[in-house]
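Take a look at the structure below.
Values in this text are rule-based calculations from the coordinates and carry no lab data. Computed from a predicted model, the values in this text were never measured in an experiment. Cβ placement follows ideal geometry from the backbone for every residue including glycine, while neighbour counts extend to all protein chains displayed.
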Amino acid sequence: MAFFQALIKAFLVGGALCAVGQALIDYTKLTPARILVSYVVAGVALGGSGVYQPLLDFAGAGASVPLTGFGALLARGVRQAVAEHGLTGVFSGGLTAAAAGVTAAVVFGLIAAVVFKPKSK
Amino acid sequence: MEKHMPKPDEYARMVKAASGRSKGWKNIPLAFLVGGAVCAAGEGLRQLYLSAGLSPDWAGAMVSVSLIAASALLTGLGVYDDIAKAGGAGALVPITGFANAVVSPALEFRPEGMVLGTGSRLFAIAGPVIAYGLAASWIYGFIFWLLNR
């Protein structure tokens, strides 16, 4: 049953992070694009300060799949790179950590643009 | 401001859908349900990859890549738009929303060419996210370097 517990924890934490985003859209002047930017930057701050790791340990994908998790991944990447390479790591760590996600989105986006027809509205 | 509609040539379709939705009490529960479902699916994949012997880091990366691929497919089929209309931030905040923000304009602006249409517009939303994410990581990294020199 550990499997279902993990799913439920991911559902609750991931759902809560999205509900906060919806509240920000509905009740503040933040546009969706600004919410995405804010979530990633907040993720870097939360990840860097060590606040986000317990949430990742508890909820797994519930914390890593929302964009705050992407930010926390950037923070971890840069921290590891600085620990290994010093000042060079300040410049290489973030992009290295983001590489898989960004490359996947860009490559699949290009493939989709070739394969699918734009929806006419 | 809730009536603010982004310029069509500036924003991906899903983002328009999310900001154009009317305010209503259902929005937040729907975002919770849709976002929770995406994350639960991600967790299911993560458990699968872990049980297949991947390290936690690799499993996490593969979860992202899998969800991004699924989002690209659903965006191409036009299904992700519908999910975003129902789920709002529940479809925006997960990594699938980031992927949708890349794939949707890549597709939409293809008539303007593969280079300046697709190639440039696919970063319309992802560009700022990557730019500020990297800037934040640079600042954090620099502080971490100063403190641990």
Rounded FRET efficiency, nearest 0.05, which uses the C-beta distance separating A:Lys117 from A:Gln80 and R0 of 45 Å: 0.60
Whole-Hz couplings from phi, Karplus 6.51/-1.76/1.60, listed for the stretch B:105-118; x for Gly and Pro: x, 4, 6, 5, 9, 4, x, 8, x, 6, 8, 7, x, 4
Peptide-level mean, for B:64-75, of C-beta atoms on other protein chains within 10 Å: 6
FRET efficiency for B:Arg149 and B:Leu54, using Cβ-Cβ distance with R0 set to 41 Å, rounded to 0.05: 0.70
Listed residues A:Ile25, B:Ser64, A:Gly15: farthest to the positive end of the dipole of the protein assembly as shown (Cβ charges): A:Ile25
Cβ-placed point charges (K, R +1; D, E -1), dipole of the stretch A:2-115 about Cα centre in debye, nearest 20: 120
Alpha-carbon centroids, the stretch A:70-87 and the stretch B:65-80: separation in whole Å: 29
Which of A:Thr96, B:Thr96, A:Thr31, A:Thr88 has the fewest Cβ neighbours within 10 Å, and the rest in rising order: A:Thr88, A:Thr96, A:Thr31, B:Thr96
Calculated [θ] (222 nm, deg cm²/dmol) that DSSP helices of n ≥ 4 give over chain A, each run adding -39,500 (n - 2.57): -28500 deg cm²/dmol
Sites B:Phe142 and A:Val51, calculated FRET efficiency, Cβ-Cβ separation with R0 30 Å, nearest 0.05: 0.95
Highest-MSF residue in chain A out of A:Tyr39, A:Tyr27, A:Tyr52 [GNM, Cα springs under 10 Å]: A:Tyr27
14 Å cut-off, amide nitrogen to a point 7 angstrom out along A:Val107 Cα→Cβ, residues in the stretch B:63-103: B:63-70
Cβ neighbours within 10 Å from other chains - mean over B:81-91: 3
Inter-label distance for B:Met114 and A:Thr96, nm, one decimal - labels placed 7 Å from Cα along Cα-to-Cβ: 3.3
Under Karplus coefficients 6.51, -1.76 and 1.60, residue-wise ³J(HN,Hα) of the stretch B:123-135 in Hz, glycine/proline x: 9, 3, 9, 5, x, x, 4, 5, 4, 6, x, 5, 4
